[in-house]
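Single-structure report; data block below.
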Amino acid sequence: MRTALRTLAATAATLLAVTVPTPAAHARPEPKAPEEFVALRSVSPTVIQEMRYTTAHTFLGVPVEGYRQPTCLLTRPAARALHLAQKQLLRQGYALKVYDCYRPQRAVDHFVRWARNPDDRSMKGEFYPRVDKSRLFEDGYIAERSGHSRGSTVDLTLVRLPAAPTRPYLPGERLTPCFAPVGERFPDNSVDMGTGYDCFDTLSHTDDPRIQGEQRANRQLLKRTLTEVGFVNLPEEWWHFTFRSEPFPETYFDFPVHRRSVAGR
């Protein structure tokens, strides 16, 4: 009997240990954006948004960490300047389309981890066909810091109006080099800039002399329009512009890309 009672007591103690909940660990709250940040849609709602890093159509082949919603967040001065550019372009039958805006540091860290993994080359056929992955840091395609994380840098292009929809990317579909003729590379409703977005190739240099005709004119229209409202182009990427008077020139943020990060603005 004593043995049976001891067994029952041990069993009850075990069950109690299993069923009594332990105090839940307190989740660390997500950082919020400073008051100077806004959702671009609240400032310039007609700018088209195709936020690539929330999708698998990236040079990583997966959505990027930190992008919780496909929404463009920017500092208010940069957003207002884009609004001025958009008004000018609408009068000419064009609209801006953004691919990326504010980028959290955790996303940049994701890029760095991917770049240091030599075995992951799933998207090489589209985004970096002629670049050895081992040279991505040395050639400047990947870095441990990005101006995007300061909130006043944007990747964008032009769309001729009326805008046709861009079909979704299907993971696993056949890849075509980002510098292929416009009718062969992944379809995009933007004007022909000579390469696709995030094309790791010297043809992406804004003033590359091999880019001529309509493609060159399209790049110059984008650059000229944004320069007039205070943006500076990165010469190595026709799509990359930073607002000259950025309010956080030395600060790199890590709040997630989500409307809650700028709620009420």
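Looking at Arg167, Arg174, Arg210, just one residue is modelled with pLDDT under 95 and of a type in the set (Lys, Arg), and that residue is Arg167. Of the residues making up the stretch 73-102, those that are touching a strand residue (DSSP E or B) at 6+ places or on another chain (Cβ under 8 Å) and not in a strand (DSSP E or B) number 12. Residues being under 29 Å from Gln105 (Cβ atoms) and exposed (fewer than 15 other Cβ atoms within 10 Å of the Cβ) are represented in the stretch 194-203 by at least one member. Scoring Thr206 on the criteria (1) surrounded by 16 or more Cβ atoms within 10 Å (Cβ to Cβ); (2) at positive phi leaves a single failure, condition (2).
With respect to the stated conditions, Gln69 is touching a His at 6+ places or on another chain (Cβ under 7 Å) and touching a residue at least 12 places away in the same chain (Cβ under 8 Å). Could you go through the stretch 159-175 and let me know if any residue there is acidic (Asp, Glu), over 27 Å from His258 (Cα atoms), over 18 Å from the mean Cα position of the chain (by Cα) and surrounded by 15 or more Cβ atoms within 10 Å (Cβ to Cβ). No, that holds for no residue. In the stretch 209-238, how many are on the phi > 0 side of the Ramachandran plot and assigned to a loop (DSSP other than H, G, I, E, B)? Adding up the residues that qualify gives 1.
Of the residues screened, Arg121 is one that is surrounded by fewer than 19 Cβ atoms within 10 Å (Cβ to Cβ), assigned to a loop (DSSP other than H, G, I, E, B) and free of Cβ contacts under 8 Å to residues at least 40 places away in the same chain. For Tyr94, the criteria (1) within 21 Å of the chain's Cα centre (by Cα); (2) in contact (Cβ under 8 Å) with a residue 24 or more places away in the chain; (3) buried (at least 18 other Cβ atoms within 10 Å of the Cβ) hold in every case but one, which is (1).
Scanning the stretch 185-197 turns up at least one residue that is assigned to a loop (DSSP other than H, G, I, E, B), in contact with a Cys (Cβ under 6 Å, 6 or more places away or on another chain), of a type in the set (S, T, N, Q) and within 21 Å of Thr55 (Cβ to Cβ). In the set (1) modelled with pLDDT of 95 or more; (2) small (Gly, Ala, Ser); (3) out of contact with any strand residue (DSSP E or B) (no Cβ under 7 Å at 6 or more places or on another chain), the condition left unmet by Ser190 is number (3).
The values are calculated or read from the model by the stated rules, or taken from the named source; none is laboratory data. Keep in mind that this is a model prediction, so the values were computed, not measured. Positions of Cβ are generated from backbone atoms using ideal geometry, with glycine treated the same way; all protein chains shown enter the neighbour counts.
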